[in-house]
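*Asks:* I have a structure here, written as structure tokens, and I will follow up with some questions on it.
The values are calculated or read from the model by the stated rules, or taken from the named source; none is laboratory data. Note that the structure is predicted; figures quoted are calculated from it, not measured. Every residue, glycine among them, receives a Cβ derived from its backbone with ideal geometry; neighbour counts consider all protein chains shown.
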Amino acid sequence: MVKDPRAPHGDLRMQSLGEIASLVTLEPWSLSRSHHAEWHTTGLSDDDILQGIVLSSYFGHLNRIADAVAVPLDYTVELMPPATDPTEPPLLPSPIAVTGRPALELSRRPATAQAIAAWRTYMFERDAPLTRRQRTVLARWVSMFLGDGGISTPADLTVNPIDSALRDLAEIVTLAPWKLSDESFAPLRKHGLDDAALFDAVAVASSAGFFSRITVALASLGRDRA
């Protein structure tokens, strides 16, 4: 599973969890009622599916933060994947905007729902290092890339000179975090953002991706397969 989560495995339950991780990571908008029903036949309960979606989204956030700060590991792991090739093409943005009620409610896991609500408040209801408007710009671009139709588009905001640089960073963090480099942050430095603000920008964009992946995946589970 660690080496290739999308390869066939003898354990159908584990194979389904690998499929959840892959789809949530690559294209959460592609989930459907058919997936939901199929995963039930392999032994996954709704609670299993919900936890799989949340954890897959969460580890996507952790990986993006790791890519941004590039801090080397201070421990040895047995299975270490090769370094990501910076020439690897970006993930594709969502071709659709997903709306509708979630097929599974986060309230099934009260502690998780409470933690996510607190996380969302912390990321978006602060005025420093980024302003609230800058946080909103990042979140709206991320939601657009991931097909989260429940959030207003960036076009609804009055244009600000820093917006283009925020959009570019949101795109890299969401669709190609392995390409993050000093060059990625240079445009925002020109607008006066220091290291603390740049980290905040990455954390906001990555957190927005975590929230939108969960929203899109859970809503898509209630839709027919395209």
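*Asks:* Any chance you could count how many residues in segment 114-136 are surrounded by 14 or more Cβ atoms within 10 Å (Cβ to Cβ) and either in contact (Cβ under 8 Å) with a residue 60 or more places away in the chain or aliphatic (A, V, I, L, M) (or both)? I'd like the intermediate steps shown before the answer.
*Replies:* The first filter runs over segment 114-136 and keeps only residues surrounded by 14 or more Cβ atoms within 10 Å (Cβ to Cβ), leaving 116, 119-120, 123-124, 126, 129-131, 133-136.
When the remaining residues are screened for being either in contact (Cβ under 8 Å) with a residue 60 or more places away in the chain or aliphatic (A, V, I, L, M) (or both), the result is 116, 119-120, 123-124, 129-130, 134-135.
Of the residues in that region, 9 qualify.
*Asks:* Looking only at segment 189-216, which residues are surrounded by fewer than 18 Cβ atoms within 10 Å (Cβ to Cβ) and not in a helix (DSSP H, G or I)?
*Replies:* Within segment 189-216, HIS191, GLY192, ASP194 qualify.
*Asks:* Moving on to the next point. Return the residues of segment 92-102 that are part of a loop (DSSP other than H, G, I, E, B) and either more than 13 Å from GLU171 (Cα to Cα) or at pLDDT below 95 (or both); say none if nothing qualifies. Before you say what the answer is, go through the steps one by one.
*Replies:* Let us first name the residues in segment 92-102 that are part of a loop (DSSP other than H, G, I, E, B), namely 92-97, 99-102.
Correct list: PRO95, ILE96, ALA97, THR99, GLY100, ARG101, PRO102.
*Asks:* List every residue pair whose Cβ atoms sit under 7 Å apart, with the two residues 6 or more apart in sequence or on different chains, where the first one lies in segment 92-109 and is over 12 Å from GLY149 (Cβ atoms) and the second, anywhere, is surrounded by 16 or more Cβ atoms within 10 Å (Cβ to Cβ) and of a type in the set (Val, Ile, Thr).
*Replies:* LEU104/ILE49; LEU106/THR112; LEU106/ILE116
*Asks:* Okay, moving on. Can you tell me which residues in segment 152-171 are surrounded by fewer than 23 Cβ atoms within 10 Å (Cβ to Cβ), modelled with pLDDT of 95 or more and either within 16 Å of the chain's Cα centre (by Cα) or assigned to a helix (DSSP H, G or I) (or both)?
*Replies:* Passing the criteria: ASP163, SER164, ALA165, ARG167, ASP168, GLU171.
*Asks:* A further question on this structure: In segment 136-145, is there at least one residue being in a loop (DSSP other than H, G, I, E, B) and out of contact with any His (no Cβ under 9 Å at 6 or more places or on another chain)?
*Replies:* Initial filter on segment 136-145 (in a loop (DSSP other than H, G, I, E, B)): none.
No.
*Asks:* Anything in segment 175-188 that is of a type in the set (Ser, Thr, Tyr) and outside any helix (DSSP H, G or I)? List them, or say none. Step through it out loud before you land on a result.
*Replies:* First, the residues of segment 175-188 that are of a type in the set (Ser, Thr, Tyr): 181, 184.
Within segment 175-188, SER181 is the sole residue that qualifies.
*Asks:* Given the options ALA186, ALA226, name the one that is at pLDDT below 95 and of a type in the set (A, V, I, L, M, F, W, C).
*Replies:* On the way: ALA186 fails: at pLDDT below 95.
Result: ALA226 is the single residue among ALA186, ALA226 that is at pLDDT below 95 and of a type in the set (A, V, I, L, M, F, W, C).
*Asks:* Mind checking which residues of segment 1-56 are closer than 14 Å to SER220 by Cα and of a type in the set (Gly, Ala, Ser)?
*Replies:* SER30, SER32, SER34, ALA37
*Asks:* Could you figure out which of (1) touching a strand residue (DSSP E or B) at 6+ places or on another chain (Cβ under 8 Å); (2) farther than 29 Å from ALA37 by Cα isn't true of ARG120?
*Replies:* (1)
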